[in-house]
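Structure, as structure tokens:
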Amino acid sequence: MITMQGVVKRYGGRDILKEIHVTFERGKVYAISGPSGAGKTTLLQVVAGYEQPTAGMVHVASGLSMEYAPQDFLLFSNLTLWDHLRLKAMARRLEEGWVARAEQLLQCCGLEGMEQVQVQALSGGERRRLQLVLALFPRADVLLFDEPTSNLDDVSAHRIWELLACECANKTCIICSHAPVPDMLHPERLRLQGGVLYAE
Ligand SMILES: Nc1ncnc2c1ncn2[C@@H]1O[C@H](COP(=O)(O)OP(=O)(O)OP(=O)(O)O)[C@@H](O)[C@H]1O
């Protein structure tokens, strides 16, 4: 469970997040929409601990593991897909079964057979899918996705939503997306506007 208590985030004298109070519960998917620049990425970064709140606090239940798939690609252009998976497996100290898990996720995301391709040779959509695989791969308790289907065509986006519907079960999942999060994920819909988070 994650609780934001009176979280304010100020950039350049402007309150991007204004006293956000919300609890993200285990086993639930939250879909956060809102206009461009509303602060959706900022909210995820504060939850992930990448940014500190200006005021208020974020409480993450102890022992919860978390993965964050950011909107911008955090990938190494001269490393292959498999290099990325291997590095992630090492960083997260995953046990031996990680190879089968990685292959299964690559297949689900239509990246099978591309294991030895360098990131610089991937399209935007392929990079997006690799980033999702890297976030899903360690089976974290909390999953944060920023625009998971940007750069994807409708068919690829549908496959990703199906995968997330399956992978997000029994986890806490927060998805910021301009594209509507489909009902199959049974999301609780929230809207961030004017620095305030509303239930939709
Ligand atoms: N590190 C930063 N320094 C200064 N201002 C920032 C910083 N990060 C974000 N901002 C500002 O905060 C506001 C919210 O940005 P954010 O990226 O969180 O919005 P968003 O809702 O995710 O937008 P989009 O839908 O376009 O991705 C923007 O006006 C942005 O310029």
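The values are calculated or read from the model by the stated rules, or taken from the named source; none is laboratory data. Source: prediction; values computed, not measured. Positions of Cβ are generated from backbone atoms using ideal geometry, with glycine treated the same way; all protein chains shown enter the neighbour counts. Only protein heavy atoms, including side chains, enter the accessible area calculation; ligands, DNA and RNA are left aside. Shrake-Rupley method; radii C 1.70, N 1.55, O 1.52, S 1.80 Å.
Of all residues in the stretch 124-170, how many are among the β-branched types (Val, Ile, Thr) and modelled with pLDDT of 95 or more? Walk me through it before giving the result.
Applying the first criterion (among the β-branched types (Val, Ile, Thr)) to the stretch 124-170 yields 133, 142, 149, 155, 160.
Then keep just the ones that are modelled with pLDDT of 95 or more; that gives 142.
Count: 1.
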Practice task
Filter the stretch 54-81 down to residues that are surrounded by 14 or more Cβ atoms within 10 Å (Cβ to Cβ) and within 15 Å of the ligand (Cβ to nearest atom) and give me whichever is farthest from residue 132 (Cα to Cα).
Solution key: 54
Exercise for the section: Determine whether the stretch 144-152 contains at least one residue that is assigned to a helix (DSSP H, G or I) and either more than 16 Å from the ligand (Cβ to nearest atom) or β-branched (Val, Ile, Thr) (or both). Expected result: no
Exercise for the section: Quick one: count up the residues across the stretch 14-53 that are more than 9 Å from the ligand (Cβ to nearest atom), within 20 Å of residue 141 (Cα to Cα) and not in a strand (DSSP E or B). Expected result: 9
Problem - Only listed residue being hydrophobic (A, V, I, L, M, F, W, C), touching a Pro at 6+ places or on another chain (Cβ under 9 Å), more than 16 Å from the ligand (Cβ to nearest atom) and closer than 17 Å to residue 65 by Cα, chosen from 157, 89, 169 - result: 89
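Sort through 190, 144, 164, 134 and tell me the only one that's open to solvent by 10 Å² or more (accessible area, probe 1.4 Å) and in contact with a helix residue (DSSP H, G or I) (Cβ under 8 Å, 6 or more places away or on another chain).
134
Which of the residues belonging to the stretch 93-121 are part of a loop (DSSP other than H, G, I, E, B) and open to solvent by less than 10 Å² (accessible area, probe 1.4 Å)? Let's see the steps before the verdict.
As a first pass, look at the stretch 93-121 and keep what is part of a loop (DSSP other than H, G, I, E, B): 93-97, 109-117.
109, 111 - these are the residues of the stretch 93-121 that are part of a loop (DSSP other than H, G, I, E, B) and open to solvent by less than 10 Å² (accessible area, probe 1.4 Å).
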